[in-house]
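Worksheet: one structure, shown below.
The values are calculated or read from the model by the stated rules, or taken from the named source; none is laboratory data. Because the structure is predicted, anything quoted here is derived from the model rather than measured. No Cβ is skipped: glycine too gets one built from the backbone with ideal geometry, and neighbour counts run over all protein chains shown. For the accessible areas, the whole protein counts, side chains as well, though only heavy atoms, and no ligand, DNA or RNA atoms are used. Shrake-Rupley method; radii C 1.70, N 1.55, O 1.52, S 1.80 Å.
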Amino acid sequence: MLKQVMTSINRLPTIAKTILLFGLLQLSACSTSHFPWVYRIDVEQGNIVDDDKLAEVELGMTRAQVKYLLGSPLIEDSFHPDRWDYFYSFRTGKGLYETRRVTLLFSGQTLTSVEKTPTTEIELDYW
């Protein structure tokens with residue numbers, strides 16, 4: 001059977017072989033199957049806020065003191081100038097997605113509130 005298929009393909013003109021090959025490549029690009037040998041990198045984004053550094057942050061600190069301890073915030077919202085958000089996400093190539101968020105609220109130059117959202121972990125379905 002395979003020999004018959006190969007014989008019939010060999011009889012096609014070169015342009016027809018090229019079109020057939022191009023069509024098969026286009027069809028394979030639409031495939032929903034995932035290949036296990038494909039390497040996916042780990043992606044780390046945002047601010048890494050150490051729990052040790054966060055423990056040093058105290059209410060009443062100035063913006064400069066907080067920035068010295070934690071670094072610049074990822075999000076400084078122009079509509080809420082008294083709110084700083086430190087967001088961190090980590091996605092492994094295997095499909096684990098982890099997020100952390102710390103929100104700091106200021107009154108003028110003084111820190112009034114620290115809100116730490118619990119770490120969330122989600123298993124992404126790559127396969």
Query - Complete set of residues in region 49-64 that are over 22 Å from PRO118 (Cα atoms), surrounded by fewer than 16 Cβ atoms within 10 Å (Cβ to Cβ) and not hydrophobic (A, V, I, L, M, F, W, C) - result: GLY60, THR62
Report task. Determine the pairs where a residue that is within 21 Å of PHE87 (Cβ to Cβ) and touching a residue at least 60 places away in the same chain (Cβ under 8 Å), located within region 51-62, has a partner that is basic (Lys, Arg) and open to solvent by 80 Å² or more (accessible area, probe 1.4 Å) with Cβ atoms under 8 Å apart, the partner being 6 or more residues away or on another chain. Result -> LEU54/LYS116
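Residues of region 44-58 being charged (D, E, K, R) and assigned to a loop (DSSP other than H, G, I, E, B), which ones?
Residues of region 44-58 charged (D, E, K, R): 44, 50-53, 56, 58.
Within region 44-58, ASP50, GLU58 meet the criteria.
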Report summary line: Conditions (1) at pLDDT below 80; (2) not in a helix (DSSP H, G or I) -> ILE41 fails only (1)
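How many residues are of a type in the set (Ser, Thr, Tyr), open to solvent by 60 Å² or more (accessible area, probe 1.4 Å) and not in a strand (DSSP E or B) if we restrict to region 78-100?
Residues of region 78-100 of a type in the set (Ser, Thr, Tyr): 78, 86, 88-89, 92, 97, 99.
Next cut, open to solvent by 60 Å² or more (accessible area, probe 1.4 Å) only: 78, 97.
Applying the additional criterion that residues be not in a strand (DSSP E or B) yields 78.
So the count comes out to 1.
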Query raised in the report: Which residue out of PHE35, PHE90 is aromatic (Phe, Trp, Tyr) and either modelled with pLDDT of 90 or more or in contact with a helix residue (DSSP H, G or I) (Cβ under 9 Å, 6 or more places away or on another chain) (or both)?
Result: PHE90
**Report entry** One residue from THR103, THR117 being surrounded by fewer than 16 Cβ atoms within 10 Å (Cβ to Cβ) and either closer than 20 Å to LEU54 by Cβ or touching a Gly at 6+ places or on another chain (Cβ under 8 Å) (or both)
**Finding:** THR117
